[in-house]
Amino acid sequence: MLFYRAALPLSRRTLNLTARTIRAHRTRTGSRWRRLDPAAQALLVLVHLYKGEPFAQVAAGFEVGTATAWRYVRETTSLPAEQAPALEQGLRRARRKGRAYVIVDGTLIACDRLAADRPFYSGKHKQHGMNIQVVSAPDGEPLWTSWSLPGAVHDTKAARVWKIAERIEAAGLAGLGDKGYVGLSEVVFCPFKGRGKPQWKKDADSDHARLRSPGERAIAQLKNWDILGRLRCCPQRAGEITRAVLVLQLREAG
C-alpha cells in the first residue's frame, strides 16, 4: 500500500467540536486507554465522512486496524447525531431569523443492495437507497434532517410519517415543496401539475421555483460529504450518518 500527504478541506473548529464530543464521551463512560487520542480519532472519522475513504484505507493511514477504524466511526458518528436539532428547534431558528417560510425536500441516500430488495428501490431515482427528508431555510441553510425510511417510500408519505406539515403549521410558518408533496397539506405550497396551464399558473410556478431553488443548496451542502454519495454500510444507518453530517456542516458553516 502506498502512502501520500493529503488535505482535508474542513476548518479546525469542526475538528475541535468532534474531539470535544469524543473526549466528553470517554469521560462519561470511563473509557480506558485507546490507540488514538480524541483529536486523532476525530480526524480519522472526519476523513471517512468527508472523503468517503474505505475503512481499510483510512485505518492504514492512521496505523490502526480496520476493525478499530470501524468501531471509531460507529462510535463517533452516533455522538453528533444525538446533538442534531429537532424539527421544532430548526423551525424556531427560522422564526428567530425572521423567515416566513421553509423549504421541504427529499433526497435519496444511495446504498449497495440487491435488485431483489424492493423496499430499498426508488422508482424516482432508479436506484436503491434510503429516503431522507430535509427542511431548510429560504437561503439554503439546512435546518433539520429526518431519520431514514426505505427508498421506495414516497416523499409525501415520508413527510406524513415525520409530521412535517403539522409541525410547520404549529410553528406559524409556511412550507414550499416540489410536486412530490402535492396533496400533503394546505400549509405546504406546491407547483401546479399538468400541461397546457394558463399563464397565471405558469407565472406562479416560476415564482415558486425561484423561492424553492435554494433548498437544493441545502442538500448539496450535505452531499458534499462523500460518505452520503453511496453508503457501504447498513442502510438503516443512513439517518444517523446524515444527522451527524448535518451537525458537522452547521459547525463548519459557522
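The values are calculated or read from the model by the stated rules, or taken from the named source; none is laboratory data. Note that this is a predicted model, so its numbers are computed, not measured. Don't worry about glycine lacking a Cβ; one is built from the backbone with ideal geometry, like all the others, and counts go over all protein chains shown. Accessible surface areas use protein heavy atoms only, side chains included; no ligands, DNA or RNA. Shrake-Rupley method; radii C 1.70, N 1.55, O 1.52, S 1.80 Å.
Taking just the alpha-carbon atoms of the chain, what radius of gyration and Dmax come out, in angstrom?
When restricted to Cα atoms, the chain yields Rg and Dmax of 19.9, 70 Å.
Given the Cα atoms of segment 58-108, and with Rh set as the inverse mean 1/r over their pairs in the Kirkwood sense, what is Rg to Rh to two decimals?
Reported Rg/Rh, Kirkwood definition of Rh: 1.27.
Sort Cys111, Cys233 by accessible area with a 1.4 Å probe, largest first.
Numbers: Cys111 5, Cys233 45 Å².
Greatest to least solvent exposure: Cys233, Cys111.
Calculated FRET efficiency, Arg35 and Ala253, Cβ-Cβ r, R0 30 Å, to nearest 0.05? List each step's numbers first, then the result.
On the way: r = 32 Å, r/R0 = 1.05.
Step by step, r from the Cβ atoms, then E = 0.40.
Filter the trypsin sites (Lys or Arg not before Pro) in segment 71-106 to those in DSSP coil with at most 13 other Cβ atoms within 10 Å of their Cβ, and list the result.
Lys97
For labels at Cys233 and Lys197 in the simple 7 Å Cα→Cβ model, what's the distance in nm?
For the pair Cys233/Lys197, the computed spacing is 4.1 nm.
Cross-chain or 8 or more residues apart, Cα under 13 Å: how many lysine pairs in the chain fit that? Count them up, please.
5
Looking at the chain, which longest stretch skips every one of the GluC sites (Glu not before Pro) that is in a DSSP loop with at most 11 other Cβ atoms within 10 Å, leaving the sites themselves out?
Values: sites that count: Glu63, Glu186.
The longest uninterrupted stretch comes out as 64-185.
At a temperature of 4 °C and a viscosity of 1.567 mPa s, determine how fast segment 188-234 diffuses translationally according to Stokes-Einstein, using the Kirkwood radius over alpha-carbon pairs as Rh; express D in µm²/s, rounded to the nearest whole number.
The estimated diffusion coefficient comes to 98 µm²/s.
Bin all alpha-carbon pair distances of segment 111-176 at 10 Å intervals from 0 and give each bin's fraction as a whole percent.
Cα pair-distance distribution for segment 111-176, in percent: 20, 44, 26, 9, 1.
At 0.36 nm per residue, minus the direct Cα-Cα distance, what do His25 and Ala6 gain on full extension? Give it in nm, one decimal, please.
Contour length minus the Cα-Cα distance gives 4.0 nm.
Which chymotrypsin sites (Phe, Trp or Tyr not before Pro) in segment 10-100 sit in a loop by DSSP (not H, G, I, E or B) and have at most 14 other Cβ atoms within 10 Å of their own Cβ?
Filter output for segment 10-100: Trp33.
If you take the Cα atoms of segment 1-135, find Rg, then find the Kirkwood Rh from the mean of 1/r over all pairs, what is Rg/Rh?
So for segment 1-135, dividing Rg by the Kirkwood Rh gives 1.04.
So for segment 1-78, Kirkwood radius off the Cα pairs, Stokes-Einstein at 37 °C and 0.692 mPa s: how many µm² s⁻¹?
256 µm²/s
For the full complex of protein chains and a 1.4 angstrom probe, list Leu250, Leu17, Leu44 by accessible area with the highest value first.
Final ranking, largest accessible area leading: Leu250, Leu17, Leu44.
Starting from the Cα of Asp207, step 7 Å along the direction of its Cβ; do the same at Lys97; then give the gap between the two resulting points in nm.
2.3 nm
List the trypsin sites (Lys or Arg not before Pro) in segment 159-213 that DSSP assigns to loop (not H, G, I, E or B) and whose Cβ has at most 14 other Cβ atoms within 10 Å. Which are they?
Lys163, Lys193, Arg195
Build a GNM of the chain with springs between Cα atoms under 10 Å: which of Ser136, Ser122, Ser31 gets the top mean-square fluctuation?
Of the options given, Ser31 has the highest mean-square fluctuation.
Can you list the DSSP H helices in the chain whose Cα atoms extend at least 15 Å along the helix axis and whose mean Kyte-Doolittle hydropathy is -1.0 or higher?
Helices passing the filter in the chain: 38-51, 66-82, 238-253.
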